[in-house]
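Chemist: This structure is in structure tokens; I'll ask about it shortly.
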Amino acid sequence: MNFRLKIGSETRSLEASPLDETRRTTVMYGEITHSVAVDAIDDNHLNVRLDGRSLNLFVGAAADGAWVWAEGRARFVEDADKLQRRKSSGLLDQPVAVTPPTPATVMRVMVEVCQMVEKGQPCVVVSAMKMELTLAAPYAGTVTAVNTQAGAKVMPGEILVDIEPLTEAKADE
């Protein structure tokens, strides 16, 4: 299988064979070939052995790609071909969710149901690996549900705050 992945500002090709019965494969990333073995710990946690080196990856699906947390850093990974199709169709500004990029603990919830929020407004503060991260509203709108509370353990892909987007007609009123 061939993929073009966009990670940050860099786009690279990835070619991977299906996993064999021992959950191993060969992956060509850019110009380098790697030996890879994958063990699923749970739905969002993978142990990957890359050329014999063990890595724990936490993966969370998002509307436009996936968050991958590895070695203390979160990276957003997108399908570059799908991104190009969205750009050409005018769908690039599709909303994303208020979701943590890694398993975390909710420290503070900063919005309430029925509250109007602006794009970029802080909604939830989470803590992961001794770091605090503020999750912001991806677009202007009205909070329709708060699906978490302080102290809750949350996972990538879990929607913490539902926001109904502000439509242009509502914005003009």
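The values are calculated or read from the model by the stated rules, or taken from the named source; none is laboratory data. Given the structure is predicted, the values throughout are model-derived calculations rather than measurements. For neighbour counting, all protein chains shown are included, and Cβ atoms are generated from backbone atoms with ideal geometry for every residue, glycine included.
Chemist: Going through region 43-63 one residue at a time, which ones are of a type in the set (S, T, N, Q) and either exposed (fewer than 13 other Cβ atoms within 10 Å of the Cβ) or within 14 Å of PRO103 (Cβ to Cβ) (or both)?
Modeler: So the first thing to find is which residues in region 43-63 are of a type in the set (S, T, N, Q), and the list is 44, 47, 54, 56.
Of everything in region 43-63, those that are of a type in the set (S, T, N, Q) and either exposed (fewer than 13 other Cβ atoms within 10 Å of the Cβ) or within 14 Å of PRO103 (Cβ to Cβ) (or both) turn out to be ASN44, SER54, ASN56.
Chemist: Would you pick out the residues in region 33-49 that are of a type outside the set (D, E, K, R) and assigned to a strand (DSSP E or B)?
Modeler: THR33, HIS34, SER35, VAL36, ALA37, VAL38, ALA40, ILE41, HIS45, LEU46, ASN47, VAL48
Chemist: Would region 106-115 turn up any residue that is under 17 Å from TRP67 (Cβ atoms) and surrounded by 13 or more Cβ atoms within 10 Å (Cβ to Cβ)?
Modeler: As a first pass, look at region 106-115 and keep what is under 17 Å from TRP67 (Cβ atoms): 106.
From what's left, surrounded by 13 or more Cβ atoms within 10 Å (Cβ to Cβ): 106.
Yes: one or more hits.
Chemist: Take THR11 and tell me if it is at pLDDT 85 or above, farther than 26 Å from GLY157 by Cα and assigned by TED's automatic domain parsing to the domain that holds VAL68. Lay out the reasoning, then the answer.
Modeler: Details: at pLDDT 85 or above: yes; farther than 26 Å from GLY157 by Cα: no; assigned by TED's automatic domain parsing to the domain that holds VAL68: yes.
Judged against the criteria, THR11 is not a match.
Chemist: Identify, please: which residue in region 126-173 is in a loop (DSSP other than H, G, I, E, B) and of a type in the set (Val, Ile, Thr) and is, among those, modelled with the lowest pLDDT? Talk me through it step by step, then tell me what you get.
Modeler: Residues of region 126-173 in a loop (DSSP other than H, G, I, E, B): 129-130, 137-140, 147-152, 155-160, 166-167, 173.
If we keep only those that are of a type in the set (Val, Ile, Thr) too, we end up with 148, 159, 167.
Details: THR148: 95, ILE159: 90, THR167: 71.
Ranking the candidates gives THR167 first.
Chemist: In region 1-32, how many residues are assigned to a strand (DSSP E or B), exposed (fewer than 10 other Cβ atoms within 10 Å of the Cβ) and within 20 Å of the chain's Cα centre (by Cα)? Don't jump to the end; show me each part of the working.
Modeler: Filtering region 1-32 down to residues assigned to a strand (DSSP E or B) leaves 2-7, 10-16, 24-29, 32.
Retained after the next criterion (residues that are exposed (fewer than 10 other Cβ atoms within 10 Å of the Cβ)): 2, 10, 32.
Restricting the remaining residues to those that are within 20 Å of the chain's Cα centre (by Cα) gives 10.
Going through region 1-32 one residue at a time, the tally reaches 1.
Chemist: Here is a further query. If you scan region 50-69, which residues turn out to be assigned to a strand (DSSP E or B) and more than 22 Å from LEU160 (Cα to Cα)? Lay out the reasoning, then the answer.
Modeler: Keep residues of region 50-69 that are assigned to a strand (DSSP E or B), which gives 50, 53-62, 65-69.
Result: LEU50, ARG53, SER54, LEU55, ASN56.
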